[in-house]
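The block underneath contains the structure these notes are about, expressed in structure tokens.
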Amino acid sequence: GAVVSQHPSWVICKSGTSVKIECRSLDFQATTMFWYRQFPKQSLMLMATSNEGSKATYEQGVEKDKFLINHASLTLSTLTVTSAHPEDSSFYICSARAPVDTGELFFGEGSRLTVL
Amino acid sequence: SQKIEQNSEALNIQEGKTATLTCNYTNYSPAYLQWYRQDPGRGPVFLLLIRENEKEKRKERLKVTFDTTLKQSLFHITASQPADSATYLCALGGTGGFKTIFGAGTRLFVKA
């Protein structure tokens, strides 16, 4: 199956700094990628849809200036958490649709962000 | 609003038994329903997809049923093994740009 790689798998940063998380489709091109946030024992919360070559579409309640998304190529989308605060600490996961849109989603390994 | 309900309580079963997980949904008519496995600290992994016009689907030891009248899906793991211990997520999807929405998942523990 298609492989999606996410990096870093975990990161610790100081409050006020920015953190970038990368999501790569390794063996296929992904015109659309999705970014989620997940709290313990809760479902995946869709934050935004990342579209190659255009602006991301953010879900209601997600601050676009806080969570910057860039999808500059068909294999890479990045999520930057700007001016991070402890409440931004969470598990962030990206996904991409299968090359032939069967509905199946391929997920990255996730990135655990801890803001001190 | 759309809602997906999965049993929040963990399911504990003995190795070799069949595990059955339930997914109920409201205010949605999905074109398909999916099940994913998620291990602690990892991203979900796709297991099975069943379409609205399908009643049942199987893959090795996995079986999924989909009842669009009851708005319910059942996910079965036969001859369960300790390695099957994980959280299983139910997800609903649609065509025409509909987003995939996820349930909170049910934690399964298979004891040896």
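The values are calculated or read from the model by the stated rules, or taken from the named source; none is laboratory data. Please read all numbers here as calculations on a predicted model, not as lab measurements. When we count neighbours, we look across all protein chains shown, and the Cβ atoms used for this are built from the backbone with ideal geometry, even at glycine. Accessible surface is based on the protein model in full, side chains and every heavy atom, while ligands, DNA and RNA are left aside. Shrake-Rupley method; radii C 1.70, N 1.55, O 1.52, S 1.80 Å.
A few comments on the model shown:
- Percent of C-alpha pairs per 10 Å bin in region A:59-116, short distances first: 19, 45, 30, 6, 0.
- Enclosed volume per residue, in Å³, of the convex hull spanned by Cα atoms of the protein assembly as shown: 126
- A dipole drawn for the protein assembly as shown from +1 and -1 charges on Cβ atoms has a positive end, and of A:F34, B:Q2, B:A79 the residue lying farthest that way is B:A79.
- Gyration tensor (alpha-carbon) shape descriptor, region B:12-112, a/c threshold 1.5: prolate
- Only protein atoms count toward the accessible area here, which uses a 1.4 Å probe; on chain B, the carbon and sulfur part of that area reaches 47 percent.
- Summed over the residues of the protein assembly as shown and divided among them, the accessible surface reaches 50 Å² per residue at a probe radius of 1.4 Å.
- Globularity ratio of region A:36-80, using Cα Rg and 2.2 N^0.38 Å: 1.20
- Measuring between their Cα centroids, region B:5-33 and region A:40-107 lie 26 Å from each other.
- Assuming charge only on the beta carbon of Lys and Arg (+1) and of Asp and Glu (-1), the dipole of the protein assembly as shown about its Cα centre is about 240 debye to the nearest 20.
- For region B:36-55, heavy-atom accessible area (probe 1.4 Å) falls by no less than 50 Å² from the chain alone to the full protein assembly at B:P44, B:F46.
- Peptide B:99-108 has a mean of 4 when you count, residue by residue, the C-beta atoms of other protein chains within 10 Å of its C-beta.
- Here chain B is assigned +1 on the Cβ of each Lys and Arg and -1 on the Cβ of each Asp and Glu. Its dipole about the Cα centre then comes out at about 120 debye.
- Peptide A:86-93 is shielded by partner chain Cβ atoms: per residue, an average of 1 of them sit within 10 Å of its Cβ.
- Cross-link partners for B:K17 among the aspartates and glutamates, with Cα-Cα distance under 12 Å and sequence neighbours closer than 8 places in the same chain left out: B:D84.
- Calculated on the Cα set of region A:7-57, radius of gyration then Dmax: 13.2, 36 Å.
- Once the mean of 1/r is taken over each pair of separate Cα atoms and inverted, region A:1-90 shows a Kirkwood hydrodynamic radius of 13.7 Å.
- Chain A, relative contact order [Cα under 8 Å, separation at least 6], %: 37
- When each of A:K14/A:K41; B:K59/B:K111; A:K55/B:K63 is checked by Cα-Cα distance, pairs over 32 Å: A:K55/B:K63
- Partnerless cysteines, meaning none of the other Cys C-beta atoms lie under 4.7 Å away, in the protein assembly as shown: A:C13
- Buried area at the B:A interface is about 1300 square angstrom, summed over both chains, from accessible surfaces computed with a 1.4 angstrom probe.
- Accessible surface of region A:1-90, 1.4 Å probe, proportion on carbon and sulfur as whole %: 51
- Value of relative contact order over region B:32-112, rounded to a whole percent, pairs C-alpha under 8 Å and six or more apart: 28
- Largest mean-square fluctuation among B:A91, B:A83, B:A19, in a Gaussian network model of chain B whose springs join Cα atoms under 10 Å apart, belongs to B:A83.
- Summing +1 for each Lys or Arg and -1 for each Asp or Glu among the other residues whose beta-carbon sits under 14 angstrom from that of A:V81 gives +1.
- Over region B:36-87 - Rg/Rh using Cα atoms and the Kirkwood inverse-distance radius: 1.00
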